[in-house]
1. Which residue pairs have Cβ atoms closer than 9 Å, lie 6 or more positions apart in sequence or on different chains, and pair a first residue in segment 31-44 that is within 12 Å of ASN124 (Cβ to Cβ) with a second residue that is part of a loop (DSSP other than H, G, I, E, B) and at pLDDT below 95?
2. Cβ-Cβ below 8 Å, separation at least six or inter-chain, first residue in segment 121-132 and touching a residue at least 24 places away in the same chain (Cβ under 8 Å) and crowded, with 20+ Cβ neighbours inside 10 Å, second outside any strand (DSSP E or B) and not polar (S, T, N, Q): which pairs?
3. Quick check on this structure: which one of THR91, THR99 is modelled with pLDDT of 95 or more, part of a strand (DSSP E or B), over 20 Å from the mean Cα position of the chain (by Cα) and surrounded by fewer than 14 Cβ atoms within 10 Å (Cβ to Cβ)?
4. On the basis of being modelled with pLDDT of 95 or more and surrounded by 14 or more Cβ atoms within 10 Å (Cβ to Cβ), does VAL61 make the cut?
5. If I ask for residues that are of a type in the set (Ser, Thr, Tyr) and crowded, with 16+ Cβ neighbours inside 10 Å, which ones from segment 26-50 would you list?
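The values are calculated or read from the model by the stated rules, or taken from the named source; none is laboratory data. This is a predicted model, so every value here is computed, not measured. Cβ placement follows ideal geometry from the backbone for every residue including glycine, while neighbour counts extend to all protein chains displayed.
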Amino acid sequence: MKLAWALVCGALVALALGLAAPSVGALGLSKPPNLENIHMTLGENYLFSVRVYGENRPIEVEMVADNIDFIEFEPQRFTLAAEESREVTCTLSPENLGTYAGSLEARAVSTAPGNPVIGSVGANLRVTVEEPSSEQPSEDNEQPGSGSSSGEGIPAVPLGAAIALVVVALAGGLYLTRWR
């Protein structure tokens, strides 16, 4: 009985302390997996989206880039309500050839008074900008990143092998059911 009473009192004290302490706001970021290996040709734009998440308190957020001066954010500055998220569209529009390494960051600009924000969140970027190819690709050759499914999914099985597998499976099933 004393143990149960101590547990209940401990839980109530922890709850009271949690409610009395100021809330700490935090940011989260969800991003596509290929941001450190972007290949594009000069003259094209590359679009991708990130999602910024907020916790506990309203937070004013600004999107910034480091060492990548040809990125635009839409929206660039916005306010997240408590537990809200916002999708940000990022557009890369390089004007020069080369390889660029930098980062994008969702930075807290301000919060409600007395409610600090723990850090900012970001993602590394590596962009290689190449000259446009003078050759036109044939219809048989898919370009990387064009949505081809090579290397993914179930590999094709020749028809004869598929039939043989089905026959072996049926024979094995009959053997097991007959001799059980």
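1. Matching pairs, first to second residue: ASN34/GLY145.
2. LEU125/LEU35; LEU125/GLU36; LEU125/ILE68; VAL127/ILE68; VAL127/PRO94; VAL129/LEU42; VAL129/PRO94; VAL129/LEU97
3. Selected residue: THR99, the only one of THR91, THR99 that is modelled with pLDDT of 95 or more, part of a strand (DSSP E or B), over 20 Å from the mean Cα position of the chain (by Cα) and surrounded by fewer than 14 Cβ atoms within 10 Å (Cβ to Cβ).
4. On the way: modelled with pLDDT of 95 or more: no; surrounded by 14 or more Cβ atoms within 10 Å (Cβ to Cβ): yes.
Answer is no for this residue.
5. Of all residues in segment 26-50, those of a type in the set (Ser, Thr, Tyr) come to 30, 41, 46, 49.
If the condition is that a residue be of a type in the set (Ser, Thr, Tyr) and crowded, with 16+ Cβ neighbours inside 10 Å, then TYR46 is the only one that fits.
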